[in-house]
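Asks: Attaching a single structure in structure tokens format; questions to follow.
The values are calculated or read from the model by the stated rules, or taken from the named source; none is laboratory data. This structure is a prediction, so every number in the text was calculated from the model and none was measured. Glycine gets a Cβ as well: all are built from the backbone with ideal geometry, and neighbour counts include every protein chain shown.
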Amino acid sequence: MSLAELQKMLAEALVERDSIARAPAWTDRAARTLTGSTRMTPVEQLDVYREQFWWRHVACVAEDYPTLAALMGAEAFEALVTEYLEAHPPTDFLLRNLGARLADFVEARRPDDPLLADLARVEWAFIDAFDAADAPLLDPAAVAAIPEDAWPAARIVLQPSLQRLALGYPAHEMRTAFLQQQTLSRVQPAPTFLVVHRNARDLRLHQETMDDLAFAMLAHLAAGEPLGPAADALAAETGREQEVQARIGEWFTRWAALGWIARVLADSPM
Amino acid sequence: MPSFRARHHIPDLGVGVGFRPKHAEDVLDRGGSPDVRWYEVISENFMSPWSASRGPAGGRPMANLGRLRDAYTVIPHGVSLSIGAVAPLDEEYLARLRALVDRLNPPYFTDHVCFCRATGLDLHDLLPLPYTKEALAHVVERVKRVQGAIERPFALENVSSYLTYRESEMPEWEFLAELAERADCGLLFDVNNVYVSAFNHGFDAEAFIDAIPADRVVQIHLAGHQDRGAYKLDNHGDHVRREVWSLYERAIRRVGAVSTLIEWDENIPAFDVLAREAAMAAEHRDRALGAQRSASREAVP
């Protein structure tokens, strides 16, 4: 058997969901390739690796979604993750990315309970915010130097760690309760606009809710639109032009104070 | 010809431990422990999950890595290079590893004699290779390519294993020695892995130790393992076992004063427990080196 055939056989054995130790097809296949030992048959040896494959990957995903696991219960969560891994087996050398698509998977698999997908999105947002790229904090002197008439064309560069989530439930409240070791109870549906971010100064993670208008403005800015056109687009979408104009200054001040803004590009459009 | 260690100025760092986020405050804010002289990090934990458009990873992990590097020698230890896979070497992986190695400026970097990738999957396990001439030629060629890409001394670790192949044509120690010689690389000698594999496959652990090319060993790994009846599992989840300490002393008597690392990845204890394990390693190391010196004196006519 060539090196390539041998490695293919091992990979195929590892992804078998159930034990292969009693499977006749695998018993024969393993015996042709492996020696076994005085205590273990060839297929039992192979099954050690299969068992470790599932244990390691399920544990890895579970580590990223502790609140979801607590809400679903250990058994149901493990079954879900096992199905997820069958649909999305690991193809990246970084285990860090293994659970990246769990929220979409849950949304498709459990349309009866949309809270589960929302909760998964919240937990993954914290993962992404945790190790996102660094960026400096906004320099107040640079902001002060921007001429008044340059602001409409200015682009707001947000911190790379900023994660924006539009949810049907305040699922972040459940995560907070879980981390504080409070009793986990289901939250009621309510449109929720959440930002998760990492403070550039102390590297701690934070969450902040906002109203729909502020959230929509943030989305325009995140898309790289200059301040003026972003406000115009938002006003046109919502029909709330006066409110948009009245609140722009307040939003900028607050988001800068929260450390969400890295830079203002006033002179050189991207 | 000078030994591998001498040619590459491989330092004896004493005893170190694997750096884990759980111990960041103990190590970085509270001064660590005098019993822990250096740290190893898992390379892939610092190899940036981000796309080119989003920039490199940052936040707490990279900030901690920077502080660790400023205070200690940090050796990157990979688990996903997949040096023995038939799948092509991952150029993106090598580029990220190069960036990490350049950032840490370590005396060498390490990975395992195994394969991790097959049929398009990353299996995240250190799967053993058959010890054949075909596998040997394949790995030698790839080690040379990795050394060319990273431009830094490279050492490979013997893995623990739970199966052996009918195809194998030589014992593991012969494969390692031949690999190190032909690829001109170093060896990271894991004594616990030797003990685990010797139990699982019924070979003589001491014969393994006695056969490794001593001058190519740049580092020794120690860890705890789990007894599962029919086999032992290398889970890095406990204290180093008595039998492994004994093999460690034998290894030190054979290879001399090389850096030693305590690995602890499951049921990770408080930092002071880990530091005590490092202190114990230093005691065994000193005793073995003392015995080695005595033996050398006696050998002088």
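Asks: Is it the case that A:Ala230 is touching a His at 6+ places or on another chain (Cβ under 6 Å), modelled with pLDDT of 95 or more and crowded, with 16+ Cβ neighbours inside 10 Å?
Replies: So A:Ala230 passes the test.
Asks: Considering only residues of segment A:17-53 that are away from chain B (no Cβ under 11 Å) and assigned to a helix (DSSP H, G or I), which is surrounded by the most Cβ atoms within 10 Å (Cβ to Cβ)?
Replies: It comes out as A:Trp26.
Asks: Just checking, does segment A:102-111 include any residue being within 19 Å of B:Leu123 (Cβ to Cβ), surrounded by fewer than 20 Cβ atoms within 10 Å (Cβ to Cβ) and more than 9 Å from chain B (Cβ to nearest Cβ)?
Replies: No: segment A:102-111 contains no residue that is within 19 Å of B:Leu123 (Cβ to Cβ), surrounded by fewer than 20 Cβ atoms within 10 Å (Cβ to Cβ) and more than 9 Å from chain B (Cβ to nearest Cβ).
Asks: Considering segment B:138-178 alone, what residues qualify as being acidic (Asp, Glu), under 17 Å from the mean Cα position of the chain (by Cα) and within 14 Å of another protein chain (Cβ to nearest Cβ)?
Replies: Hit for segment B:138-178 is B:Glu172, nothing else.
Asks: While we're looking at this one, here's another question. Of the conditions (1) assigned to a loop (DSSP other than H, G, I, E, B); (2) closer than 15 Å to B:Phe19 by Cβ, B:Ala278 fails just one. Which one is it?
Replies: Failed condition: (1).
Asks: Then there is this: Out of B:Ala180, B:Ala137, which single residue is in a helix (DSSP H, G or I), modelled with pLDDT of 95 or more and surrounded by fewer than 19 Cβ atoms within 10 Å (Cβ to Cβ)? I'd like the intermediate steps shown before the answer.
Replies: Working: B:Ala180 fails: surrounded by fewer than 19 Cβ atoms within 10 Å (Cβ to Cβ).
After ruling out the rest, the residue left standing is B:Ala137.
Asks: Does at least one position in segment B:169-176 carry a residue that is within 21 Å of B:Arg7 (Cβ to Cβ) and in contact with a Ser or Thr (Cβ under 8 Å, 6 or more places away or on another chain)?
Replies: no
Asks: Here is a list: A:Ala142, A:Ala120. Which entry is touching a residue at least 40 places away in the same chain (Cβ under 8 Å) and buried (at least 21 other Cβ atoms within 10 Å of the Cβ)?
Replies: Just one listed residue meets the conditions, A:Ala120.
Asks: Could you tell me which residue of segment B:70-99 is surrounded by the most Cβ atoms within 10 Å (Cβ to Cβ), considering only residues that are in contact with a Lys or Arg (Cβ under 7 Å, 6 or more places away or on another chain) and more than 9 Å from every other protein chain (Cβ to nearest Cβ)?
Replies: Across segment B:70-99, the extreme among qualifying residues is B:Ile83.
Asks: Okay, next question. What's the number of the only condition in (1) within 16 Å of the chain's Cα centre (by Cα); (2) under 25 Å from B:Asn235 (Cβ atoms) that B:Pro107 fails to meet?
Replies: Here B:Pro107 clears every test but (2).
Asks: What number of residues in segment B:162-175 are of a type in the set (A, V, I, L, M) and surrounded by fewer than 24 Cβ atoms within 10 Å (Cβ to Cβ)?
Replies: So the answer is 1.
Asks: Tell me whether segment B:152-166 contains one or more residues that are out of contact with any Gly (no Cβ under 6 Å at 6 or more places or on another chain), within 24 Å of A:Leu14 (Cα to Cα) and basic (Lys, Arg).
Replies: Taking every residue of segment B:152-166 in turn, at least one turns out to be out of contact with any Gly (no Cβ under 6 Å at 6 or more places or on another chain), within 24 Å of A:Leu14 (Cα to Cα) and basic (Lys, Arg).
Asks: Restricting attention to segment A:58-69, which residues are within 14 Å of chain B (Cβ to nearest Cβ), surrounded by fewer than 22 Cβ atoms within 10 Å (Cβ to Cβ) and touching a residue at least 40 places away in the same chain (Cβ under 8 Å)?
Replies: A:Asp64, the sole residue that qualifies.
Asks: Another question, if that's okay. Can you tell me which condition B:Leu188 does not meet? The list is (1) buried (at least 17 other Cβ atoms within 10 Å of the Cβ); (2) touching a helix residue (DSSP H, G or I) at 6+ places or on another chain (Cβ under 9 Å); (3) of a type in the set (A, V, I, L, M), and all the others hold.
Replies: All conditions pass for B:Leu188, except number (2).
Asks: Every residue in segment A:169-191 that is within 9 Å of A:Leu119 (Cα to Cα) and assigned to a loop (DSSP other than H, G, I, E, B), please.
Replies: Quick first cut of segment A:169-191, residues within 9 Å of A:Leu119 (Cα to Cα) only: A:169-172, A:174-175.
Within segment A:169-191, A:Tyr169, A:Pro170 qualify.
Asks: What do you reckon, is A:Leu165 part of a loop (DSSP other than H, G, I, E, B) and under 29 Å from A:Pro226 (Cα atoms)? Write out each step before concluding.
Replies: Values: part of a loop (DSSP other than H, G, I, E, B): no; under 29 Å from A:Pro226 (Cα atoms): yes.
Taking the combined requirement at face value, the residue does not satisfy it.
Asks: Of the numbered conditions (1) farther than 30 Å from A:Tyr65 by Cα; (2) touching a Phe, Trp or Tyr at 6+ places or on another chain (Cβ under 9 Å); (3) surrounded by 15 or more Cβ atoms within 10 Å (Cβ to Cβ), A:Arg263 satisfies every one except a single condition; which is it?
Replies: Status for A:Arg263: all satisfied but (2).
Asks: Only one of B:Val101, B:Val79, B:Val36 is more than 15 Å from the chain's Cα centre (by Cα) and assigned to a loop (DSSP other than H, G, I, E, B). Can you tell me which? It would help to see each step written out before you state the result.
Replies: Details: B:Val101 fails: assigned to a loop (DSSP other than H, G, I, E, B); B:Val79 fails: more than 15 Å from the chain's Cα centre (by Cα).
Testing whether each residue is more than 15 Å from the chain's Cα centre (by Cα) and assigned to a loop (DSSP other than H, G, I, E, B) leaves just B:Val36.
Asks: So the check is Cβ under 7 Å with 6+ separation or different chains; which pairs have a first residue in segment A:167-195 that's more than 16 Å from A:Ala69 (Cβ to Cβ) and a second one that's basic (Lys, Arg)?
Replies: Here the result reads A:Leu167/A:Arg121; A:Val195/A:Arg164, each pair linking segment A:167-195 to a residue that is basic (Lys, Arg).
Asks: Looking only at segment A:70-94, count how many residues are under 24 Å from A:Glu16 (Cβ atoms) and either touching a residue at least 40 places away in the same chain (Cβ under 8 Å) or buried (at least 20 other Cβ atoms within 10 Å of the Cβ) (or both).
Replies: So the count comes out to 10.
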